[in-house]
Amino acid sequence: MNYTLKVAEIRQETEDTVTLCFRQPGLKKIKYEAGQYLTIILRINGRRYIRPYSFSSCPGIESFLEITIKRVENGLVSNHINDMVKVGDVIEVMPPMGDFVYDKEQPFEDIYFWGVGSGITPLISIIKYVLSVTVTVNVHLNYGNKNHESTIFKEQIEQLKSKYPDRFTVRHFHTKLFIDETNPHLIQGRIDQAKALQILDESLDEKKCAHYICGPTGLKDSVKSAILYKFGSLENVFSEDFELVKDPKDFIDVHTQKVQLNFDGKPYQLEVVKGKSILEAALNADIELPYSCQTGNCSTCKGKLISGNAKMIGLNKKRDDLASDEFLLCCSHPLTENVHIEILS
Ligand SMILES: Cc1cc2nc3c(=O)[nH]c(=O)nc-3n(C[C@H](O)[C@H](O)[C@H](O)COP(=O)(O)OP(=O)(O)OC[C@H]3O[C@@H](n4cnc5c(N)ncnc54)[C@H](O)[C@@H]3O)c2cc1C
Ligand code: FES
């Protein structure tokens, strides 16, 4: 069941990023976990758009439900929100989703957070949670931005440092700023494998140490390879992706094909152009299929293959829960001519 939420406050975080603060519904409050996301549904020029945004607020700490949206170049929804949404607007949202969360039963002593740009949103939510519900866990934030001005939640991070001086350490990485090398908490350049390794050198027992990563593929790959080099395993490494990453090599056997869809009791014929997912083709044909993350995580777009063959491209988590004829349409591409899919809603 979806909710409608009223925008109670809007905060300009940086030049290109705003936080929307929603009032909780009067009757049935929305429950969420730090690190989950809220999927918003907007109509722009008559067409429906659905986008997930991680909570930047933390349950039990902030009373508003807060999401923080950074402009993406030519991005439809991110720019619409930054330019058009006003206090008092009412926005439809889906129930919170996502498994990028912290389990307080885990015996972690040190938790490393690795983020770049808007990737800070789920991290700040989890950081506030960890610092408030534990007393012994040390939190290390490694956060990359161009400079101070483009650093989202700069003040909030400073306040957390003052509140938890013994348990919260922050390293800011700036790519467009000359940095005084004597300050150990300001580092010039990107978070790459070598810098991640230097940071990990201080860390303790691998079993008592966890990592949360949110940012572009380059960040994730660098941090993961440093962790693998240092500990030989990626056991306690959790990551959230804002975008599906497709390798062109995976498209060698994919061709533009006609696909038949059954949705809501109606049949549809679609042309799925090579490179576009079946979901993208359907949305471009104004078929309002259900979806949310568009990264192969949430299952909202699940369909059942009736005939033909298809493949999923870009999934970065194993989906053993899917039956052999179940496909996530946000990352599915037809392999044969006669693909016929039934939408399971
Ligand atoms: C689980 C999850 C949580 C997310 N949380 C946040 C969040 O807290 N804050 C936030 O700002 N965004 C977040 N996003 C990204 C967000 O959902 C949108 O994808 C983003 O705002 C772009 O949407 P758009 O409609 O503006 O761009 P579109 O019109 O969909 O895309 C325009 C172009 O931008 C590219 N693009 C799409 N997304 C990105 C991106 N993230 N970075 C760079 N290029 C991109 C596309 O490939 C396309 O070429 C999250 C995504 C996921 C899957
Ligand atoms: S929309 Fe989330 S798995 Fe496809």
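The values are calculated or read from the model by the stated rules, or taken from the named source; none is laboratory data. Quantities reported herein were computed from a predicted structural model and do not represent experimental measurements. As a convention, Cβ positions derive from the backbone with ideal geometry for all residues, glycine included, and neighbour counts pool all protein chains shown. We work out accessible area using only protein heavy atoms, side chains counted, and drop any ligands, DNA or RNA first. Shrake-Rupley method; radii C 1.70, N 1.55, O 1.52, S 1.80 Å.
Restricting the stretch 128-160 to residues that are under 23 Å from the mean Cα position of the chain (by Cα) and of a type in the set (Asp, Glu) leaves a set whose member that is least open to solvent (accessible area, probe 1.4 Å) is Glu155.
In the stretch 71-79 there is no residue that is in contact with a Leu (Cβ under 9 Å, 6 or more places away or on another chain) and more than 9 Å from ligand 1 (Cβ to nearest atom). Within the stretch 202-228, restricting attention to residues that are farther than 21 Å from Leu244 by Cα and open to solvent by 30 Å² or more (accessible area, probe 1.4 Å), the residue that is modelled with the highest pLDDT is Leu228.
For the stretch 248-261, check the following and say yes or no: at least one residue is aliphatic (A, V, I, L, M) and under 30 Å from Gly35 (Cα atoms).
First pass over the stretch 248-261, keeping only residues aliphatic (A, V, I, L, M): 252, 254, 259, 261.
Remaining after also requiring under 30 Å from Gly35 (Cα atoms): none.
Looking through the stretch 248-261, none of the residues is aliphatic (A, V, I, L, M) and under 30 Å from Gly35 (Cα atoms).
None of Glu92, Glu66 is among the acidic types (Asp, Glu) and either within 14 Å of ligand 1 (Cβ to nearest atom) or under 22 Å from Glu149 (Cα atoms) (or both) except Glu66.
Looking across the stretch 58-73, the residues that are part of a loop (DSSP other than H, G, I, E, B) and within 19 Å of the chain's Cα centre (by Cα) come down to Cys58, Pro59, Arg71, Val72, Glu73.
In the set Glu9, Glu73, only one residue is at pLDDT 95 or above, open to solvent by 60 Å² or more (accessible area, probe 1.4 Å) and more than 23 Å from Ile126 (Cβ to Cβ); that residue is Glu73. Checked against (1) exposed (fewer than 15 other Cβ atoms within 10 Å of the Cβ); (2) in contact (Cβ under 8 Å) with a residue 60 or more places away in the chain; (3) within 15 Å of ligand 1 (Cβ to nearest atom), Asp250 meets all criteria but (3).
Yes or no, residue by residue, for (1) closer than 22 Å to Leu42 by Cβ; (2) open to solvent by 50 Å² or more (accessible area, probe 1.4 Å):
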| position | (1), (2) |
| --- | --- |
| Lys276 | yes, yes |
| Asn284 | yes, yes |
| Pro290 | yes, no |
| Lys304 | no, yes |
| Met312 | no, yes |
| Arg319 | no, no |
| Ser324 | no, yes |
| Glu337 | no, yes |
| Glu342 | no, yes |
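The set of residues in the stretch 205-240 that are part of a strand (DSSP E or B) and either over 17 Å from the mean Cα position of the chain (by Cα) or more than 20 Å from Tyr143 (Cβ to Cβ) (or both) comprises Cys209, Ala210. Pick from the stretch 285-300 the residues that are touching a Leu at 6+ places or on another chain (Cβ under 9 Å) and more than 6 Å from ligand 2 (Cβ to nearest atom): which of them is nearest to Tyr53 (Cα to Cα)? Among residues in the stretch 285-300 that are touching a Leu at 6+ places or on another chain (Cβ under 9 Å) and more than 6 Å from ligand 2 (Cβ to nearest atom), the one nearest to Tyr53 (Cα to Cα) is Thr295.
Restricting Ile30, Ile40, Ile10, Ile50 to those that are away from ligand 2 (no atom under 16 Å from the Cβ), assigned to a strand (DSSP E or B) and among the aliphatic types (A, V, I, L, M) reduces the list to Ile10.
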